[in-house]
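Just below is one structure, and these are the notes that go with it.
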Amino acid sequence: MTETSHSEGSTPQTPGNGTGVGERGEPLGPVLKKPGAGGSWRRPFARNGGAGSREIHHLGLVAALVLLALVGVFTEPDNFATSGNVVGILALAATIGVITVGQTFVIIGGGIDLSVGSVMALASVWATTVATQSYGPAVMALCAILVGTGAGVVTGILISYGRLVPFIATLAMLVAARGLAQRMSDRKTQLVRPENDAIEALSTTKVLGLPLVVYIFAAVAVVGWLLLNRTTFGRRTFAVGGNPEAARLAGIDVRRHTLLLYALSGFCCGIAAIIIMARTTTGSSTHGDLYELDAIAAVIIGGTLLTGGRGTVVGSILGVLVFTLITNLFILNGLQTSDQLVAKGVIIVIAVLLQRRGLRSPT
């Protein structure tokens with residue numbers, strides 16, 4: 001094995017993979033050697049792609065939101081710029097936004113989760129069965145979270161210890177969860193009982209003009225940001241997504257961490273199920289149709305690399321708002337859903353092309 005040396009007080013490096021290792025054993029990102037013999041190692045870029053580039057990307061998304069808002073004001077001045085419409089946009093963004101936070105962690109960690117929409121539907125159906133509702137709204141909410149987290153754990157085990165490709169494992173969960181939801185509900189919509197109106201109150205009760213579901217969304221986003229940027233778990237997520245072999249050599253249990261990432265995604269699906277139950281007062285196997293595509297699209301628009309190792313929760317949330325605003329504009333202007341899907345597809349392609357161009361640009 002090749003030996004490496006470093007000057008006193010410098011951070012030790014993992015040989016052969018170009019990745020620095022932090023005090024707790026987590027890889028810090030690419031490192032370069034200074035010119036000249038005996039030069040010490042340094043890390044030229046932050047693990048998240050550089051604060052400057054992140055801020056520029058976020059400003060670009062904010063500019064896109066402002067542009068879309070101006071389009072709404074000019075095309076539908078009587079309907080768009082109203083408090084009711086703004087609240088509706090935020091409430092609509094809450095469900096997909098919570099799912100997107102979990103998806104962000106999975107993609108940064110080098111994976112992908114295609115099952116989020118189906119898992120959310122399964123959680124909503126399980127939480128609205130007669131047996132579950134008989135225990136009250138608290139148990140209904142707990143059931144939704146446990147079902148979502150459990151599905152995420154199963155997926156994580158298949159990927160981490162069963163060595164299945166994430167695409168295949170999550171595709172299997174997508175089909176299985178949707179099928180189980182249809183079987184449990186007999187393809188019927190299950191209504192939330194009047195005595196469990198505390199679930200509906202999350203959508204109807206407003207604080208400072210905003211429904212409680214929006215605050216749930218905001219809380220999940222803040223906790224997700226803190227978890228990703230201020231904890232060892234977040235640093236390890238970047239390490240596993242950027243270079244899993246280097247992360248393993250640095251002492252990170254890559255398989256266990258991957259399992260935790262999918263469990264986190266399932267947990268977010270459970271919270272999203274509570275929000276969708278509050279907004280619709282139903283549990284249905286049709287909930288969350290194509291939500292996985294919207295979540296992945298929002299993550300990509302937010303600047304997270306599909307190959308893993310780089311991304312932000314803030315960018316993903318801005319991506320959710322962009323897509324939600326586009327949906328709202330299409331509805332207000334009476335445009336067809338097919339046109340909306342085409343527009344979203346074009347935006348995704350442009351975002352991926354810009355990502356690839358950014359990766360190829362000289363540093």
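For segment 233-253, which positions are assigned to a helix (DSSP H, G or I) and either open to solvent by 30 Å² or more (accessible area, probe 1.4 Å) or touching a strand residue (DSSP E or B) at 6+ places or on another chain (Cβ under 7 Å) (or both)?
If the condition is that a residue be assigned to a helix (DSSP H, G or I) and either open to solvent by 30 Å² or more (accessible area, probe 1.4 Å) or touching a strand residue (DSSP E or B) at 6+ places or on another chain (Cβ under 7 Å) (or both), then PHE233, ARG235, ARG236, ALA239, GLY242, PRO244, GLU245, ALA246, ALA247, ARG248, LEU249 are the ones that fit.
Determine whether ILE276 is outside any loop (DSSP other than H, G, I, E, B), buried (at least 23 other Cβ atoms within 10 Å of the Cβ), in contact (Cβ under 8 Å) with a residue 12 or more places away in the chain and touching a strand residue (DSSP E or B) at 6+ places or on another chain (Cβ under 9 Å).
yes
Restricting to segment 305-318, count the residues that are more than 10 Å from the chain's Cα centre (by Cα) and part of a loop (DSSP other than H, G, I, E, B).
Going through segment 305-318 one residue at a time, the tally reaches 7.
Within segment 279-296, track down each residue that is in a helix (DSSP H, G or I) and either in contact with a Leu (Cβ under 6 Å, 6 or more places away or on another chain) or within 22 Å of GLN182 (Cβ to Cβ) (or both).
Across segment 279-296, the qualifying residues are ARG279, THR280, TYR291, GLU292, LEU293, ASP294, ALA295.
Keeping to segment 177-188, report how many residues are open to solvent by 40 Å² or more (accessible area, probe 1.4 Å) and not basic (Lys, Arg).
Summing the residues that are open to solvent by 40 Å² or more (accessible area, probe 1.4 Å) and not basic (Lys, Arg) in segment 177-188 gives 4.
Residues that are open to solvent by 20 Å² or more (accessible area, probe 1.4 Å), under 25 Å from THR307 (Cα atoms) and out of contact with any strand residue (DSSP E or B) (no Cβ under 6 Å at 6 or more places or on another chain): which helices (runs of 4 or more DSSP H) entirely in segment 60-176 hold 2 or more of them?
Correct list: 137-160.
Out of all the residues in segment 303-321, which are open to solvent by 10 Å² or more (accessible area, probe 1.4 Å), β-branched (Val, Ile, Thr) and within 16 Å of LEU61 (Cβ to Cβ)?
Of everything in segment 303-321, those that are open to solvent by 10 Å² or more (accessible area, probe 1.4 Å), β-branched (Val, Ile, Thr) and within 16 Å of LEU61 (Cβ to Cβ) turn out to be THR312, VAL314, ILE317.
LEU261 - would you say it is aliphatic (A, V, I, L, M), touching a helix residue (DSSP H, G or I) at 6+ places or on another chain (Cβ under 8 Å) and either farther than 28 Å from VAL349 by Cα or outside any helix (DSSP H, G or I) (or both)?
Judged against the criteria, LEU261 is not a match.
Checking PHE267 against (1) surrounded by 24 or more Cβ atoms within 10 Å (Cβ to Cβ); (2) touching a helix residue (DSSP H, G or I) at 6+ places or on another chain (Cβ under 6 Å), only one condition comes out false. Which one?
The single condition PHE267 does not satisfy is (1).
Based on what the data block shows, is LEU191 out of contact with any Pro (no Cβ under 6 Å at 6 or more places or on another chain), open to solvent by 50 Å² or more (accessible area, probe 1.4 Å) and free of Cβ contacts under 8 Å to residues at least 60 places away in the same chain?
no
On the basis of being basic (Lys, Arg) and closer than 15 Å to THR104 by Cα, does ARG236 make the cut?
For ARG236, the condition - basic (Lys, Arg) and closer than 15 Å to THR104 by Cα - is met.
Here is a list of conditions, (1) open to solvent by 50 Å² or more (accessible area, probe 1.4 Å); (2) in contact (Cβ under 8 Å) with a residue 12 or more places away in the chain; (3) closer than 29 Å to MET140 by Cβ, and GLY209 meets all of them except one; can you say which number that is?
Unmet condition: (1).
The values are calculated or read from the model by the stated rules, or taken from the named source; none is laboratory data. Values in this document were obtained by computation on a predicted structure and should not be read as measured data. Glycine also receives a Cβ, built like all others from the backbone with ideal geometry; neighbour counts cover every protein chain displayed. Side chains are part of the model used for accessible areas, which takes the heavy atoms of the whole protein and leaves out ligands, DNA and RNA. Shrake-Rupley method; radii C 1.70, N 1.55, O 1.52, S 1.80 Å.
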